[in-house]
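Remarks on the structure that follows.
The values are calculated or read from the model by the stated rules, or taken from the named source; none is laboratory data. Values in this document were obtained by computation on a predicted structure and should not be read as measured data. Quick reminder, even Gly has a Cβ in these numbers, built from the backbone with ideal geometry, and neighbours come from all protein chains shown. Note: areas computed on protein heavy atoms with side chains; ligands, DNA, RNA excluded. Shrake-Rupley method; radii C 1.70, N 1.55, O 1.52, S 1.80 Å.
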Amino acid sequence: MSASRRPGTPSNLFPSKELLLDSCAGKRGASHPVLWAAGELALAHTELRTAAGPRGEIAIRRTSLVRHIDRWLAAELPSAHGGAHLHTESVGAVIDRLARYSVLARGALTDRHPEPELHHAWHRLSELALGYRDLAFEVGAGLRRIPDLTDPGLTL
């Protein structure tokens, strides 16, 4: 990480929640590493919804994608301010959940779930997307720090 990085300027490190949701919906073409990983996580969650057999390989792929996001951000983010509050989970874990809820909400539409279930699925996705947006802003501004879970021996 270069010494010239200033806290509060990594806006290009965190894609907008809209771009993340687009990636989770399968809209490709993004060259940003976080958007690529979000799209791959959504594909993995889609496979999990329909998988009839063992799901171990999908879980391994998800873990790898979450680590990819976390390692990339750890290498690119400036250090947080000393008084920054610690977030409870990594950005990769948040994006994994966002991908999961994106798949569930879209599935609720195509599977024709009852209106209350459909509303609940989209509400969860909306809340998580707003939480991601807030987390991205706070980390980018140096107000919040994320746990360092980049240890290759750690399992999620």
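What the table below lists for this structure:
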| read-out | value |
| --- | --- |
| Qualifying residue in segment 25-35 (condition: modelled with pLDDT under 90, under 26 Å from residue 126 (Cβ atoms) and surrounded by 14 or more Cβ atoms within 10 Å (Cβ to Cβ)) | yes |
| Residue, farthest from the chain's Cα centre (by Cα), within segment 40-59, restricted to residues that are more than 20 Å from residue 106 (Cβ to Cβ) and open to solvent by less than 60 Å² (accessible area, probe 1.4 Å) | 53 |
| Test result for residue 62, crowded, with 17+ Cβ neighbours inside 10 Å and out of contact with any helix residue (DSSP H, G or I) (no Cβ under 6 Å at 6 or more places or on another chain) | no |
| Output for segment 105-124, where each listed residue is touching a residue at least 40 places away in the same chain (Cβ under 8 Å) and either among the aliphatic types (A, V, I, L, M) or open to solvent by less than 50 Å² (accessible area, probe 1.4 Å) (or both) | 107 |
| Lone unmet requirement of (1) closer than 21 Å to residue 136 by Cα; (2) of a type outside the set (D, E, K, R); (3) at pLDDT 85 or above; (4) touching a Ser or Thr at 6+ places or on another chain (Cβ under 9 Å) for residue 78 | (3) |
| Of the criteria (1) touching a helix residue (DSSP H, G or I) at 6+ places or on another chain (Cβ under 6 Å); (2) at pLDDT 80 or above; (3) of a type outside the set (S, T, N, Q); (4) not in a helix (DSSP H, G or I), which one residue 10 fails | (2) |
